[in-house]
Amino acid sequence: MWILSGIIAVLLSLTSPVSGQIPDIRLNKEIDNSRITHKLALFTTEDSLQVDEAWSHLARQGVPEELKFGFTTSFYWLGFTAINHSASDSWILEIENPHIDFVEVYVRLPESEHWEMIERTGDKTPFNTRSIAHYNYAVPLEFHTSDSLDVVIKLDKIPTSMSYHSVLWKEQSFNNYQQIQYGLNGVYFGMFGMVIIAALIAFVFSRSMIYLWYLLFVLASGLYVFTDLGLAFQFLYPWSDTLNNYLRVYLAFGMAISFILFTQEFFFTRYRLPIAHYSFNGVLAGLLLLLIPAVFTPDLISGIVNIFLPLLYMLILAVIILAVYTAAAMLRDHTSLAALYLSAFIFIIAGGTITILEEFGLFTHSPLRFTPIQLATGIEIMILTGAMSWRIKKVYDDQIKLTNKVSRLEAKALRAHIDGIEEERSRVAMTLHDSIGNLLANLKRQIEDIAPSLVDSVSYIADEVRSLSHQLSPLGLKLTGLEHKVQQLITETDERSFISYRFQCFDLPENLPESVKVEGYRIIQEAVNNIEKHSKASEAEIQIMGYDNQIIITIEDNGVGLPDSFHGAEGIGLQNIKQRVELLKGTIEVTSRRNRGVQFLIEIPVAEEVAE
């Protein structure tokens, strides 16, 4: 057994760095574009040391068994010996954490005792202090005079969270990879830009607050990721060494606040889930109370950051719990929207959880070359944008349903109104014809011998009553059809009018629905009455044409035209015409010019089988 243990120990010593010595890292094609974090010697101390002292401590400490990430009050010293076994003389050491306050890199030749500082930078120094303009810390390692270099790295991020994933690159590999990475970042943030523009347009045209809150949430999320990657320091404010320290915190507040407001609007929590709504308001108040000192006394907050950040994380956790509760409560009545919301939230929860675990040093072995929050935020925005599109479609569909319902109710009310008018017309017409007409006929017979001079007058009155009864109730439409009844109307009107009427009818289907016959007749009758009363015309023309599954009615006169007040207050006659056209689901176009008359163009749809 002890022999087997010895063999295993030897094998482990050959495959991993030995604790208690400076590790050698051979630079070859296998190490190119590889993380070396777990191969670095590590020493932490609260004291500020010279490089020689740090190197001695690193030699004694060696490579730790576990990576030491998380909140710290110590300086981090990393060390290794780079041995170049490649044809490239230029390598690059990248530290994948753009938020380390100060980074110092020292090198020396193995046979030398002199350490040379080749880089001193950090996010508390201007961006132009970096030898390579890159969002992460990228330090060139040159092997022109020797194939070996001792490397020491000092990291200062006191008193916040530390992570120090490190990668070695050939210079050409680094440049090629970064071109691809910048291109992918362009696509990634371009997506955010398109979503922001779409939300802005939606807000401008709808004035709905949900689009504003979503716009602010996407904007804060995009800027947070942009800052978290170090791109904001590189491209937005490279001259500032203070804004970079606080912007991520402010943007985290912005994300949380806008997300609360968006969720409240998204689910109408005020009316549908009041307990969640007021709980969100409580968390919102806590965030604002925490944000005020962060804005006005940032230096004070930086001194108690190990208290401030956990409080912020607790409030964000409360937002997450409330959001999940709200979406779960909405699943029954709003399944699709709640499911999309939850699926989006799963990703941001996972990304945020991993990020917080990394902050506290509980998760150190992420295989990703991009931050979890970057991936999670991108997926979340895509799903939430889909959910917003779904919500817009649902609201639009509901509006269409409501509009159609209102239209049906209005049509039903209009039909009832017009049917009532027709019933009343028919009742009055019947009374005139059967009662008053008979009385006049009897009166005529009685006075023929008594007062012959009055017979003509009584006959005239009886004829007028009979004509009026026929106008009120166009009996015979079913038997004679629309064309005949309109021709009869025009003939009778022309006989007693100073206006000359012309009537033409072309290709009118014989089997028109009764409603089209009645309403068509009433439309023309009302138009003729208007011409008689108001037009002062000398000529008028009415045409009815059957064409392409519709009936076209044109009515024209050469009178004085409509008054200037026509658009502001239409007459009763014109309102009646429009109501009847609307009842038939038709369209009407009225044009008028002073002293050149009025023209009506009316189109009434009919069923295809009727038109044929």
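What to note about this one:
- Only helices (runs of 4 or more DSSP H) whose full extent lies in segment 185-289 are considered here, and the ones with at least 3 residues that are free of Cβ contacts under 8 Å to residues at least 40 places away in the same chain and open to solvent by 40 Å² or more (accessible area, probe 1.4 Å) are 209-228.
- Unique residue being under 22 Å from residue 490 (Cα atoms), within 46 Å of the chain's Cα centre (by Cα) and at pLDDT 85 or above when the list is 524, 588, 531: 588
- Qualifying residue in segment 166-182 (condition: in contact with a helix residue (DSSP H, G or I) (Cβ under 8 Å, 6 or more places away or on another chain), farther than 12 Å from residue 92 by Cβ and in a helix (DSSP H, G or I)): no
- Scanning segment 24-41 for residues that are of a type in the set (D, E, K, R) and more than 44 Å from the chain's Cα centre (by Cα) yields 24, 26, 29, 30, 39.
- Residues of segment 565-585 include none that is within 29 Å of residue 410 (Cα to Cα), of a type in the set (Asp, Glu), at pLDDT 90 or above and open to solvent by 70 Å² or more (accessible area, probe 1.4 Å).
- Filter result (closer than 22 Å to residue 195 by Cα and touching a helix residue (DSSP H, G or I) at 6+ places or on another chain (Cβ under 9 Å)) within segment 390-410: 390, 391, 392, 394
- Restricting segment 48-73 to residues that are within 48 Å of the chain's Cα centre (by Cα) and among the polar types (S, T, N, Q), the residue that is least open to solvent (accessible area, probe 1.4 Å): 72
- Segment 503-533: number of residues that are open to solvent by less than 50 Å² (accessible area, probe 1.4 Å) and in a strand (DSSP E or B): 2
- Top-ranked residue in segment 136-166 [being aliphatic (A, V, I, L, M) and under 18 Å from residue 102 (Cα atoms); ranked as most open to solvent (accessible area, probe 1.4 Å)]: 158
- Residue within segment 293-304 that is farther than 26 Å from residue 212 by Cβ and of a type in the set (D, E, K, R) present: yes
- Given (1) touching a residue at least 60 places away in the same chain (Cβ under 8 Å); (2) more than 25 Å from residue 345 (Cα to Cα); (3) open to solvent by less than 70 Å² (accessible area, probe 1.4 Å), number of the condition residue 172 does not satisfy: (3)
- Residue list for segment 85-97, filter: over 45 Å from the mean Cα position of the chain (by Cα) and open to solvent by 10 Å² or more (accessible area, probe 1.4 Å): 85, 86, 87, 88, 89, 90
- Residue count, segment 33-47 (criterion: open to solvent by 40 Å² or more (accessible area, probe 1.4 Å) and outside any loop (DSSP other than H, G, I, E, B)): 4
- Counting only residues that are more than 23 Å from residue 584 (Cα to Cα) and either in a loop (DSSP other than H, G, I, E, B) or at pLDDT below 80 (or both), segment 534-564 holds 10 of them.
The values are calculated or read from the model by the stated rules, or taken from the named source; none is laboratory data. Predicted, not measured: the structure shown is a model, and the values here were computed from it. We place every Cβ from the backbone using ideal geometry, glycine too, and count neighbours over all the protein chains shown. Calculation scope for accessible area: heavy atoms of the full protein, side chains included, ligands and nucleic acids excluded. Shrake-Rupley method; radii C 1.70, N 1.55, O 1.52, S 1.80 Å.
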